[in-house]
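Peer 1: Here you go, one structure.
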Amino acid sequence: TRVSEVDGKAVTTIEGLSEDGTHPLQIAWLSNNVSQCGYCQPGQIMKAADLLARNPQPSSQEIDSALRGNLCRCGTYKRIRIAVADAAGQMKEA
């Protein structure tokens with residue numbers, strides 16, 4: 001995303017999801033041991049946050065489709081999908 005594309009718009013970064021790390025996605029990422037090298041984490045989590053904001057109960061296919069294009073060098077795609085689904089469940093309960 002170019003800076004010019006967000007000029008004058010609100011931008012939320014991974015740090016902006018929660019100040020204390022209690023956003024359901026952040027918790028699900030940790031509880032499912034998604035992180036390895038950390039290369040993809042901000043992109044994956046922010047893309048997942050956008051998905052859950054638009055679709056609070058996505059299917060596995062919808063999760064895969066939404067996160068397509070975000071490269072995970074460690075290949076933790078299965079754990080990423082599980083973490084997004086877990087976070088969706090936590091957000092539904094809240």
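The values are calculated or read from the model by the stated rules, or taken from the named source; none is laboratory data. Everything numeric here is computed off the predicted structure, so don't read it as measured data. Note: areas computed on protein heavy atoms with side chains; ligands, DNA, RNA excluded. Shrake-Rupley method; radii C 1.70, N 1.55, O 1.52, S 1.80 Å.
Peer 1: What whole-number value in Å² describes the accessible area per residue of the chain for a 1.4 Å probe?
Peer 2: For the chain, the solvent-accessible area averages 66 Å² per residue.
Peer 1: Also, quick follow-up: Output needed for the chain: three equivalent-ellipsoid semi-axes, defined as square roots of 5 times the C-alpha gyration tensor eigenvalues, in descending order, whole Å.
Peer 2: Result for the chain: semi-axes of 20, 16, 14 Å.
Peer 1: Further question: Solvent-accessible area of Met46, probe 1.4 Å, all protein chains present, reported in Å² to the nearest ten, please.
Peer 2: About 50 Å², rounded to the nearest 10.
Peer 1: Under the Karplus relation 6.51 cos²θ - 1.76 cosθ + 1.60, θ = phi - 60°, what is the ordered set of whole-Hz ³J(HN,Hα) values for segment 68-73, x standing for Gly and Pro?
Peer 2: 4, x, 8, 6, 10, 5
Peer 1: Let me ask something else about it. Residue by residue through segment 34-39, which ³J(HN,Hα) values in whole Hz follow from phi under the Karplus form 6.51 cos²θ - 1.76 cosθ + 1.60 (θ = phi - 60°), with glycine and proline marked x?
Peer 2: Taking θ as phi minus 60°, the curve returns 5, 5, 10, 7, x, 3 Hz for segment 34-39.
Peer 1: Still on this structure: Give, in nm to one decimal, the length gained when the segment between Ala53 and Ser18 is fully stretched (0.36 nm per residue of separation minus the Cα-Cα distance).
Peer 2: Using 0.36 nm per residue and subtracting the Cα-Cα distance, I get 11.1 nm.
Peer 1: For the chain, what's the relative contact order in percent, using C-alpha pairs closer than 8 Å and at least 6 residues apart?
Peer 2: Computed over the chain, the figure is 36 percent.
Peer 1: So if I take the alpha carbon set of segment 45-94, get Rg, then get Rh from the Kirkwood formula, what is the Rg over Rh ratio?
Peer 2: My calculation puts Rg/Rh at 0.95.
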